[in-house]
Amino acid sequence: MSWGLQLRQARPAPIIASLAAGGIGFGIMAKLIMGNASAESNAPPKVFKGGPAFVSLPLESSEDVNHNTKRLRFRLPQADAVSGLTLTSALLTVSWPKGSWLPVPRPYTPVSASDEPGFLELLVKKYPNGKASTHLHSLEPGQTLLFAAPLKGYQWKSNSHPHITLIAGGAGITPIYQLAQGILRNPDDKTAITLVFGVNSDADVLLRKEFEQFSKEFPGRFKAVYTVSHPIEGSPFRKGYVTKELLEAVVPPPVQDTKVFVCGPPAMEASLVGKKRSPGVLEQLGYKRNQIHQF
């Protein structure tokens with residue numbers, strides 16, 4: 001299931017209508033959220049926990065990652081507060097682009113850990129004519145962004161599989177990274193991970209430093225393979241796309257107790273996952289439908 005589908009299922013239209021017509025007091029709402037979260041004894045306040053709610057967070061910093069991607073850090077309401085998100089959850093952001101009469105909702109998967117105190121980070125790729133991404137890229141420190149209740153994704157359970165494969169394309173790396181980070185940061189989870197990341201150019205290999213650190217900290221448990229369709233001269237990456245031949249070469253053969261997670265552009269996902277009567281690359285390799293999860 002894609003995040004686009006989950007966004008439709010979240011039915012944001014009533015939310016937007018109430019925002020536009022009702023004038024909700026975001027500051028009061030944020031205090032209510034934090035008050036409920038702080039009621040837990042001996043636990044840091046969790047900003048995004050409980051029922052539907054909204055919280056407005058100020059932008060702390062904006063960093064250019066490459067030609068079209070920024071890392072945006074938002075400050076949480078309290079220094080010891082955490083997002084409290086479960087693995088593979090996304091947050092619905094609500095933007096008011098300049099000149100727009102109505103807000104624009106878009107889901108983004110944070111790349112900061114759910115237990116990271118004091119801030120929340122998004123990795124945002126700016127798309128041509130993208131209303132939300134253009135607005136987010138225009139934000140200056142001190143300006144705020146409205147966040148809604150989280151959209152829950154795949155419910156990961158520790159040690160569900162001895163090994164999993166993560167396949168990402170382009171900006172689809174964020175939920176893949178969040179899952180890998182959550183597994184590896186959990187000392188009780190011993191799951192091994194193979195990441196296959198396909199991008200257009202060398203500059204599009206996002207979160208490379210973080211993945212390299214995973215490889216150093218967890219040798220034998222984490223392996224990253226990058227493939228670039230248009231590499232620069234002397235590129236350290238292999239040239240090509242995420243193909244059946246590549247997966248056969250770098251991913252362990254499918255066994256009964258394994259899982260593959262896929263997130264990327266529609267054409268890539270269609271090629272890998274296929275359709276009901278048209279098996280994709282993964283099924284051709286021997287994976288069953290229930291062994292494949294599409295974000």
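The values are calculated or read from the model by the stated rules, or taken from the named source; none is laboratory data. Every value quoted in this text rests on a predicted model; they were computed, and no experiment measured them. Heads up, the Cβs are rebuilt from the backbone with ideal geometry, glycines too, and the neighbour counts pull from every protein chain shown. Just so you know, the surface numbers come from the protein's heavy atoms only, side chains and all, with ligands and any DNA or RNA stripped out. Shrake-Rupley method; radii C 1.70, N 1.55, O 1.52, S 1.80 Å.
Per-residue answers, yes or no, for (1) in contact (Cβ under 8 Å) with a residue 24 or more places away in the chain; (2) part of a loop (DSSP other than H, G, I, E, B):
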site: 128; (1), (2): no, yes
site: 133; (1), (2): yes, no
site: 142; (1), (2): yes, yes
site: 146; (1), (2): yes, no
site: 154; (1), (2): yes, yes
site: 182; (1), (2): yes, no
site: 203; (1), (2): yes, no
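Looking across segment 205-229, the residues that are in a loop (DSSP other than H, G, I, E, B) and within 22 Å of residue 265 (Cβ to Cβ) come down to 205, 206, 207, 229. Exactly one residue among 101, 96 is aromatic (Phe, Trp, Tyr), surrounded by fewer than 15 Cβ atoms within 10 Å (Cβ to Cβ) and over 25 Å from residue 293 (Cα atoms), and that residue is 101. If you filter segment 99-114 down to residues that are in a loop (DSSP other than H, G, I, E, B) and touching a residue at least 40 places away in the same chain (Cβ under 8 Å), you find that the one that is nearest to the chain's Cα centre (by Cα) is 109. If I filter segment 157-173 down to residues being under 21 Å from residue 220 (Cα atoms) and of a type in the set (A, V, I, L, M, F, W, C), which single residue comes out as farthest from the chain's Cα centre (by Cα)? Once the filter is applied, the top-ranked residue is 164.
Return yes when residue 241 is in contact (Cβ under 8 Å) with a residue 24 or more places away in the chain, open to solvent by 50 Å² or more (accessible area, probe 1.4 Å) and aromatic (Phe, Trp, Tyr) and no when it is not. So residue 241 fits the description; yes.
Among the residues of segment 253-264, is there at least one that is of a type in the set (A, V, I, L, M) and farther than 20 Å from residue 183 by Cβ? Checking segment 253-264: not a single residue is of a type in the set (A, V, I, L, M) and farther than 20 Å from residue 183 by Cβ. Among the residues that make up segment 279-290, is at least one of them under 22 Å from the mean Cα position of the chain (by Cα), within 17 Å of residue 198 (Cβ to Cβ) and surrounded by fewer than 13 Cβ atoms within 10 Å (Cβ to Cβ)? No.
Against the conditions (1) open to solvent by 20 Å² or more (accessible area, probe 1.4 Å); (2) in a strand (DSSP E or B); (3) hydrophobic (A, V, I, L, M, F, W, C), residue 232 satisfies every one except (2).
One line per residue, one yes/no per condition, for (1) open to solvent by less than 10 Å² (accessible area, probe 1.4 Å); (2) modelled with pLDDT of 95 or more; (3) in contact with a Ser or Thr (Cβ under 9 Å, 6 or more places away or on another chain):
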| position | (1), (2), (3) |
| --- | --- |
| 144 | no, yes, yes |
| 148 | yes, no, yes |
| 170 | no, no, no |
| 190 | no, yes, yes |
| 195 | yes, yes, yes |
